[in-house]
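All remarks here apply to the structure that follows.
Here, each number is a calculation from the coordinates, and none is a lab measurement. Nothing here was measured: the structure is a model prediction, and the numbers come from that model. Cβ: placed from backbone, ideal geometry, glycine included. Neighbour counts: every protein chain shown.
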Amino acid sequence: MPRLPRPLFAAALACALISTPLGAQDADYEARLKVAQEYVDATMQDMDMPRIIEQMWRGALPQFQQIAGGPLSDEQKDALQQLYTELFDDRMRDIMAQQHTLMADLLTMEEIVALRDFYATPEGRSVMRKLPDIMARQQPLVLSMVQETLPQAMPRIMAILRPN
């Protein structure tokens, strides 16, 4: 089953939640919430937050090197890791810890059980441990795509946002 990187999954769930009425929770909501919490608890155990955070700043490394005028020193990289950890570690954990509510709002019991059961397997736990590597390989591609597309998109975005 293909899986979005955890932050993208959380963002996708958050976007979908915006269009879901809060009162649209059916009778088995509490049961879904409980199973979703089990899933979140299991995935949080195997999540390597320092590596996830490292991938966040490493994705912007070309921009940082451009600003610095060349390659970064080990001290600069360590300082970036420390800064990103300070800024994002607790916030990322808080966002991810709340994912059970989003899941209960948007997924069926069968979907939540399947996710929970998968991440309880050795293969599922291995996937969670490898997630920072997946993110590391995707992030530069996504950033590059955005940078390449933004110049052509900006005039169109501005036309949408400006009233005629």
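Could you pull out the trypsin sites (Lys or Arg not before Pro) across segment 81-164 that fall in loop regions by DSSP (anything but H, G, I, E, B) with no more than 12 other Cβ atoms inside 10 Å?
Working: sites: Arg91, Arg93, Arg116, Arg125, Arg129, Lys130, Arg137, Arg156; in loops: none.
Within segment 81-164, no trypsin sites (Lys or Arg not before Pro) qualify (loop, at most 12 other Cβ atoms within 10 Å).
At 0.36 nm per residue, and after removing the present C-alpha to C-alpha distance, how many nm does the segment from Gln45 to Lys77 gain when stretched out fully? List each step's numbers first, then the result.
Values: separation 32, 0.36 × 32 = 11.52 nm, distance 2.64 nm.
Extra length from Gln45 to Lys77 when fully extended: 8.9 nm.
Could you state the principal axis extents of the C-alpha atoms in segment 28-139, from the largest down, to the nearest angstrom?
That works out to 56, 25, 19 Å along the principal axes.
Report the far tail of the P(r) of segment 93-153, meaning the percent of Cα-Cα pairs longer than 18 Å.
Numbers: 1089 of 1830 pairs.
Cα-Cα pairs of segment 93-153 separated by over 18 Å account for 60 percent.
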